[in-house]
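All remarks here apply to the structure that follows.
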Amino acid sequence: MLTLKNIKKVYEKSDEAVLDDINLTFNRDEFVSILGCSGAGKSTLLNVIGGLDCKSSGKLLINGKDIYKCNDSNLDYYRKNNVGFIFQNYNLIEHLTVYENVMLPLLLTNYKNKHKRVLKMLDKVGLKDKKVLNKKPYELSGGEKQRVAICRALINNPDIILADEPTGALDYKTGYEIMNLIKKLSKNKLVIMVTHNKVLAKNYSSRIIYLD
């Protein structure tokens, strides 16, 4: 489903490659964890896969098609429809309500019954209470914020879920609740998670990749 061929990433004003000759293949229905020390390039790799950061050389193939050979509009389509992002710090828009944060990606699509879809997704993550729908992010707990972020990531039914330290800002108990939720909602999808937590990686992953 997803193949990386000779991916290299070098930032401007730097002679050292953050990613150097990365060759990986990912399949649908996998839950893959990427481990490595700080500065190993884990988040950079995730951003390249998600189209948020351009590689310096190499190919990234989705079902045999190089997404970086597409024009900008096709790359935008890939980011909107094929990939869902879950971030450590949630990246919710503070002045929007829970409902509006989850609805936002749908406004760029042709989905019918958008309102119904938002409510259904929030129900799946245990946030169906009408009082929660109108709350702003600052009124939520860390676990609730991450549940909203998961809803937003999955609202367009993407093929790939990219999670960058999704439990990094959460306590132990809430972290496991979020991981169980991601695992439950990720059936028939490829999940790629960056984490420092070896225990979580071992308990939830079908495969672990180490970056030196």
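The values are calculated or read from the model by the stated rules, or taken from the named source; none is laboratory data. What you see is a predicted model; the values in this text were computed from it and never measured. So basically every Cβ, Gly included, is an ideal-geometry build from the backbone, and we count neighbours across all protein chains shown. Each accessible area value is taken on the protein alone, full model and side chains, heavy atoms only, with ligands, DNA and RNA left out. Shrake-Rupley method; radii C 1.70, N 1.55, O 1.52, S 1.80 Å.
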Please go through (1) surrounded by 15 or more Cβ atoms within 10 Å (Cβ to Cβ); (2) without any contact (Cβ under 8 Å) to a residue 40 or more places away in the chain for V199 and return the number of the only condition it doesn't satisfy.
(1)
Mind listing just one residue for me: the one in region 28-39 that is out of contact with any helix residue (DSSP H, G or I) (no Cβ under 7 Å at 6 or more places or on another chain) and farther than 13 Å from S206 by Cα and, of those, surrounded by the fewest Cβ atoms within 10 Å (Cβ to Cβ)?
S38
When you scan region 40-139 for helices (runs of 4 or more DSSP H) that lie fully inside it, which ones turn up with 3 or more residues that are open to solvent by less than 20 Å² (accessible area, probe 1.4 Å)?
42-50, 98-103, 114-124
Complete set of residues in region 157-189 that are buried (at least 19 other Cβ atoms within 10 Å of the Cβ), over 12 Å from the mean Cα position of the chain (by Cα), assigned to a loop (DSSP other than H, G, I, E, B) and not aliphatic (A, V, I, L, M):
T167
Determine if region 134-142 includes at least one residue that is touching a residue at least 40 places away in the same chain (Cβ under 8 Å), over 16 Å from E177 (Cβ atoms) and within 21 Å of the chain's Cα centre (by Cα).
yes
Is region 33-43 home to any residue that is of a type in the set (V, I, T) and over 17 Å from the mean Cα position of the chain (by Cα)?
no
Would you point out the residue of region 2-23, among those that are under 22 Å from the mean Cα position of the chain (by Cα) and among the polar types (S, T, N, Q), that is surrounded by the most Cβ atoms within 10 Å (Cβ to Cβ)?
T3
Examine region 37-58 for a residue that is touching a Ser or Thr at 6+ places or on another chain (Cβ under 8 Å) and hydrophobic (A, V, I, L, M, F, W, C), and state whether such a residue exists.
no
Residues satisfying the stated conditions in region 182-212, i.e. over 17 Å from L24 (Cβ atoms) and of a type in the set (A, V, I, L, M):
I182, L185, V199, L200
